[in-house]
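What follows is a single structure, written as structure tokens, with notes after it.
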Amino acid sequence: MSVLVVGASAAGLTTVEALRRKGYREPITVLGAEWHPPYDRPPLSKQFLCGDWDEARTRLRPDAMLSALDADFVLGDPAVALDVEQRVVRTAADRALTADAVVIATGLTPRRLPGPELEGVHVLRTLDDAAALRKDLLVADRVVVVGDGVLGAEIAATARKLGRQVTLAGPQTFLLESQLGPVVGALLGELHRAEGVDLRLGTAVTGLTGLTGLTGLTGVDGRVRGVQLADGEVLPADVVVVALGAAPATEWLEGSGLRLDNGVVCDAQCRAADGIYAAGDVARWQHEDSLVRLENRTNATEQALCVAANILGDEQPYRPIPYFWTDQFTVKLQVHGRPTADAEVTVAEGNISDGRFVAHYRRGDRLVAVLGWNMPKQTRLHREHLV
């Protein structure tokens with residue numbers, strides 16, 4: 001039996017490693033859209049973007065460890081089609097790769113603002129995206145981040161660390177409100193304002209403005225000059241980062257016969273069809289009585305472990321306790337479970353005024369999430385209440 005993993009990031013690499021640890025010695029091929037060997041994405045908006053890490057440090061494994069996996073890494077050639085019945089993946093370079101089991105781990109595609117492309121406008125998903133953004137940040141004065149979620153907040157914090165003037169705009173009343181609710185969102189807003197970020201929340205962005213005919217960083221023909229808000233205000237900008245979320249990278253699967261609905265729809269074992277599995281950000285699987293899709297680094301790894309076990313016949317349902325973290329300025333947030341904006345939030349340990357606390361999220365009489373603010377050890381202990 002052979003295995004083809006489509007996607008060479010955390011979920012894809014973990015699938016390969018798990019198969020080998022379990023004693024699988026048959027052929028494995030890993031198909032990656034980028035030329036880079038597998039690297040870690042969370043540092044791109046923080047350590048790599050601010051210059052603390054170089055490209056080599058973002059690598060998930062050194063060359064020797066990748067070589068020891070005895071897998072064929074086919075990089076720089078994105079998948080363009082899948083024949084589900086024959087389990088054949090066709091690539092942009094007209095390769096036809098066949099396997100007995102196919103794992104879809106193609107991740108996400110970042111959303112962009114509509115309109116013409118302007119220089120100085122960035123998204124952040126890949127290592128190349130991060131390198132291009134860092135190059136612009138080093139010579140810019142005014143940065144506007146469009147997006148009030150985790151990625152937008154992290155980029156804003158990093159840009160401030162680099163000494164830029166930073167404005168963050170988004171439609172929510174509070175930072176990360178849809179994910180963490182108004183209580184924690186308000187605290188994050190206070191943190192960012194104290195560090196010098198100009199928050200323009202509660203107003204949607206309608207587009208970008210450019211300027212032609214001038215020279216220099218802030219006026220090159222076709223370069224971004226500002227961000228237009230719904231209330232008519234224009235925020236001046238030398239660099240704009242669009243962090244409005246991302247969509248599952250499933251375009252290449254259109255017409256394959258797989259069910260595509262906000263991701264690759266799978267059963268409880270992460271199986272999308274006979275011999276076809278999905279893992280990571282792209283996978284939407286049956287969890288209890290609903291379909292769930294998670295976008296975080298921990299899920300990519302844990303789901304890949306489950307997929308590897310099921311390829312080898314375990315028939316193991318995937319039942320995670322979701323976990324993500326974010327580092328912003330002096331704060332490390334760790335979240336276990338599935339918080340909702342309308343959940344009741346209470347402080348279970350520590351004190352908000354001291355900048356160290358653990359909060360519980362409840363819906364009715366059910367604990368649904370635990371959040372730690374600069375209390376990593378205690379947060380892990382409170383996680384046990386979710387098990």
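The values are calculated or read from the model by the stated rules, or taken from the named source; none is laboratory data. Computed from a predicted model, the values in this text were never measured in an experiment. Surface areas here come from the heavy atoms of the whole protein model, side chains and all, with no ligands, DNA or RNA. Shrake-Rupley method; radii C 1.70, N 1.55, O 1.52, S 1.80 Å.
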- How many percent of the accessible area of the range 244-387 is carbon or sulfur, using a 1.4 Å probe? 45 percent
- Among the DSSP beta bridges whose two residues both lie in the range 1-124, what percent are antiparallel, rounded to the nearest 5? 40 percent
- Task: With Rg/Rh (Cα atoms, Kirkwood Rh) in mind, check (i) 1.00; (ii) 0.95; (iii) 0.98 and report the label derived from this structure.
- Result: (iii)
- Message: Which lysines, if any, have their Cα less than 20 Å from the Cα of residue 377, not counting same-chain residues under 8 positions apart?
- Response: 332
- Item | Sequence of 357, 174 when ordered by accessible area, the most exposed leading, probe 1.4 angstrom | 174, 357
- Item | Residue-averaged [θ]222 nm for the chain, counting only DSSP H segments that reach four residues, each worth -39500 (n - 2.57) | -6500 deg cm²/dmol
- Item | For the range 145-212, Kirkwood radius (reciprocal of mean inverse C-alpha pair distance, Å) | 12.1 Å
- Message: Just the number please: accessible area per residue for the chain, 1.4 Å probe, all protein chains included, in Å².
- Response: 44 Å²
- Message: Using a Gaussian network model on the chain with a 10 Å cutoff between Cα atoms, which of 152, 23, 245 fluctuates the most?
- Response: 23
- Item | Beta bridges per DSSP with both ends in the chain, % antiparallel, nearest 5 | 60 percent
- Tell me which aspartates and glutamates have Cα within less than 12 Å of residue 46's Cα, excluding those fewer than 8 residues away on the same chain? 54, 154, 327
